[in-house]
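Written below as structure tokens is the structure these notes are about.
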Protein chains: 2
Amino acid sequence: MSVDMVVVPPVSDRQPDAQVGEVAQSSASKALAVLEAISRARGSSFGVTEVAADVGVPKSTAHRLLKTLEKHGFVGRSGSRYRVGGSFFELSEAARWSEFGELRDTAARPLNWLFERSDAAAVHLAVLSGRDVLYLDKITRPAGTRLPSRVGGRFPATCTALGKAILAHSPRATVADVIGEPLARITPYSVALRQQFVLQLSKARDAGYAIEREEACHGTVCVAAPIMRDGAAVAAVSLSVPTLTATRGGAADLPALGRLLVQASTEISRSLPLA
Amino acid sequence: MSVDMVVVPPVSDRQPDAQVGEVAQSSASKALAVLEAISRARGSSFGVTEVAADVGVPKSTAHRLLKTLEKHGFVGRSGSRYRVGGSFFELSEAARWSEFGELRDTAARPLNWLFERSDAAAVHLAVLSGRDVLYLDKITRPAGTRLPSRVGGRFPATCTALGKAILAHSPRATVADVIGEPLARITPYSVALRQQFVLQLSKARDAGYAIEREEACHGTVCVAAPIMRDGAAVAAVSLSVPTLTATRGGAADLPALGRLLVQASTEISRSLPLA
DNA sequence: CCGCTGGTTCCGGCGAATGGAACGGTCGCC
DNA sequence: GGCGACCGTTCCATTCGCCGGAACCAGCGG
């Protein structure tokens, strides 16, 4: 009715839905709440009563909803213990794609170029998700060093070059949100002080690329550059190299890698579809 | 708890109506149907009207359901085009614990073994879901041929070695269900005649592995072996190789691959938890 | 400028969701 | 082995929120 309504395409306004419980009293909402409850139960399965308690509805209702969910394959069960079902698996894979598919696609070629051009141990593509980076793609040498990253996996953003590169070009609020809680300390070198972190962000902004030295994983340093869209970072690409090759002068100097990265990331940003 | 459970969910309750599916008239069911509809929209997003048409409900209802789904983060939107939402991302780890979790986990190691042992272009793990195979896992060479498969994706069962391997060791009713409608013709080589298909199943049963020659994808042939539990196939593993290496004698002869597969699939079946 | 397509909102009537209560199976404690 | 507590499942009358046709906007193309 009124005019100040958001019809805005670019920025997705995310409600800070930190609230727990109190599902709206609609059948659909309750069903979804049940789904959420079950998916929260990592590993272990749920019984009807537990679900009912968790969601806050009578047993019979929970039971009915579970049967509905089961009919659609969103939950499955062994005996009478319920777990998330096959449809859930399908959808989560589909979500991976529909949300980041185009990003992955446009990035694929530059990523390969980067991989061949440098002789880094690995190249990564990631986005920011909450306080973590979420890895979208990864290329490694077959015999490469084992890195803790996994496509679809997460890692505390503040401990990675990827996270720094993205945050360096993100709105204040986003940064504040990420460093709102104590910074994760994965290795002894992980940045622990907010002030220091913010300083690094500003350096990264100036240089165009961010650096991380063994803050995520012993023995590897990373360089990363942001992928931009509409003036804000939406993702980042990174190169990982063993500490040794990075420090023992010559072979791989970080600024050179940085330039390579900027080249690649700019190319990706440029060819990214607009909307 | 005499659980005779099978891992495959949405198989047998086939509603008489096959077309645009008259969902049960419950708010929850409709919401889930909407979710499914949206996830089917690979790549492109859905508008309210399209969803309404696809699910078979009036616009207003579709709209209301979409809003509910959005509130829970199960769908997201850009402007007013809807797509599957972030919640599935957040919970994508949970999907690892779905009913397919243990299957994927126990299969992981043998799958890798298979991949390294053969020099196939790809190895797949899949289950039967309706008339399709549902890919649970996939390993490919970085520079490998592009295959149409995707983890979480589907493909008509009758056009794949995976499907044949599973169906060869499935109850009559299941087979009848799958070949009840006209067989899909993806390539000119796809098996179109039921009789021929059934013959292939019996051959596959005898040999222990199934073969598919460019019936799913030009230029690749596949071999697959079933993973058994309680005397019935619950999944299958496959190797894909380019047609050239397969036909130009020597390098990769199919029976050899078959033996490799049977070894791996037997190992998986053996180490699969019972109930 | 007007008609059209597609998204969003409203509202009354009615059917579907609700949840308390009862049933039956299973486990484990005594 | 018997008993009791717990849990999943079913039933049913009541009521409450969903349903969906219709009206309202907004953007587009002719």
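Values computed for the structure shown
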item: DSSP H segments from chain B that extend 15 Å or more along their own axis, Cα-based, with Kyte-Doolittle mean of -0.5 or above; result: B:27-40, B:254-271
item: Relative contact order (%) - chain A, alpha-carbon pairs under 8 angstrom, separation at least six; result: 14
item: In Å², nearest 10: area of B:SER190 left accessible to a 1.4 Å probe; result: 10
item: Position A:LEU199, label points 7 Å along Cα→Cβ, spacing to each other copy in nm (shortest first, one decimal); result: 7.8
item: Label-point separation, A:ARG185 to A:ASN112 (7 Å along Cα→Cβ), nm; result: 4.4
item: Copies compared at B:PRO242 - label distances in nm, ascending, label defined 7 Å from Cα in the Cβ direction; result: 3.2
item: Accessible-area composition of chain A, carbon plus sulfur, in percent [1.4 Å probe]; result: 54
item: Rg followed by Dmax, in Å, when region A:27-84 is reduced to its Cα trace; result: 9.7, 27
item: At 7 Å out from Cα toward Cβ: B:PRO171 inter-copy label distances (nm, ascending); result: 5.5
item: Sequence of A:THR160, A:THR106 from largest to smallest accessible area, 1.4 Å probe; result: A:THR106, A:THR160
item: Extension reserve of the A:ALA256-A:ALA53 stretch, reckoned as 0.36 nm per residue once the Cα distance is removed; result: 67.3 nm
item: Charge dipole magnitude, Cβ of K and R +1, D and E -1 - region B:27-90, Cα centre, debye nearest 20; result: 140
item: Extreme residue, positive dipole direction of the protein assembly as shown, given options B:SER78, A:ALA165, B:ALA210 (C-beta unit charges); result: B:ALA210
item: Spin-label pair A:GLU102/B:LEU199, simplified geometry with 7 Å Cα→Cβ offset, distance in nm; result: 4.9
item: Backbone N within region A:212-226 under 15 Å of label point (7 Å from A:THR266 Cα along the Cβ vector); result: A:225-226
item: Residue order for B:VAL191, B:VAL198, B:VAL151 - accessible surface, 1.4 angstrom probe, largest first; result: B:VAL198, B:VAL151, B:VAL191
item: Tensor-based shape of region B:90-165 (alpha-carbon gyration tensor, a/c under 1.5 rounded, otherwise prolate or oblate); result: oblate
item: Residue-level accessible surface for B:CYS222, protein heavy atoms, 1.4 Å, Å²; result: 20
item: Accessible area (Å², 1.4 Å probe, nearest 10) - B:TRP113; result: 90
item: Reachable lysines, given that their alpha-carbon falls under 27 Å from the alpha-carbon of A:LYS138 and they are not under 8 places away in the same chain; result: A:LYS164, A:LYS203, B:LYS138
item: Total charge dipole magnitude, the protein assembly as shown, about the Cα centre, Cβ charges on Lys, Arg, Asp, Glu only, Debye to nearest 20; result: 260
item: Heavy-atom accessible area per residue - chain B, 1.4 Å, Å²; result: 47
item: Pairwise FRET efficiency - A:LEU244 versus A:VAL151, Cβ, R0 = 22 Å, nearest 0.05; result: 0.25
item: Cα centroid separation, region B:94-153 to region A:156-192 (Å); result: 34
item: Computed magnitude of the charge dipole of chain B (debye, nearest 20; Cβ of K, R +1, Cβ of D, E -1); result: 580
item: Cα gyration tensor of region B:97-271 - equivalent ellipsoid semi-axes, whole Å, descending; result: 21, 20, 15
item: Average silhouette area of the protein assembly as shown, convex hull of alpha-carbon atoms, in square nanometres; result: 27.8
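The values are calculated or read from the model by the stated rules, or taken from the named source; none is laboratory data. Note that this is a predicted model, so its numbers are computed, not measured. Counting neighbours? That spans all protein chains shown, and the Cβs are built from the backbone with ideal geometry, glycine included. Each accessible area value is taken on the protein alone, full model and side chains, heavy atoms only, with ligands, DNA and RNA left out. Shrake-Rupley method; radii C 1.70, N 1.55, O 1.52, S 1.80 Å.
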